1. If you roll a 1.4 Å probe over the chain with all protein chains in place, what percent of the accessible area is carbon or sulfur?
2. Measuring with a 1.4 Å probe in the full set of protein chains, what accessible area per residue, in whole Å², belongs to the chain?
3. Which FRET efficiency value, to the nearest 0.05, is calculated for Leu10 and Ala44 with the Förster distance at 35 angstrom and r the Cβ-Cβ distance?
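The values are calculated or read from the model by the stated rules, or taken from the named source; none is laboratory data. The shown structure was predicted, so the numbers you read here are calculated from the model rather than taken from an experiment. Quick reminder, even Gly has a Cβ in these numbers, built from the backbone with ideal geometry, and neighbours come from all protein chains shown. When the accessible area is computed, the model is the full protein with side chains, heavy atoms only, and any ligands, DNA or RNA have been set aside. Shrake-Rupley method; radii C 1.70, N 1.55, O 1.52, S 1.80 Å.
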Amino acid sequence: MSLEARVIDLESRLAFQDDTIQALNDELVAQHKLLERLQLQMTAMLKRQEEMVGQFGSFEEEAPPPHY
């Protein structure tokens, strides 16, 4: 294999690797954004649950139904 062919092969491999790294980075950024959004939703749900428990009282404090 000539030197020129080897250089061309290395350049094409480098280009492919650069493309793969960029695709992986883009996916990582998307996953990070999704994780942040899910964390915000979870925080909002926990806050809402605490408000509901404060408003209606805890279900654990209620007496069992009469049929028990």
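1. It is 61 percent, rounded to a whole number.
2. 101
3. 0.10
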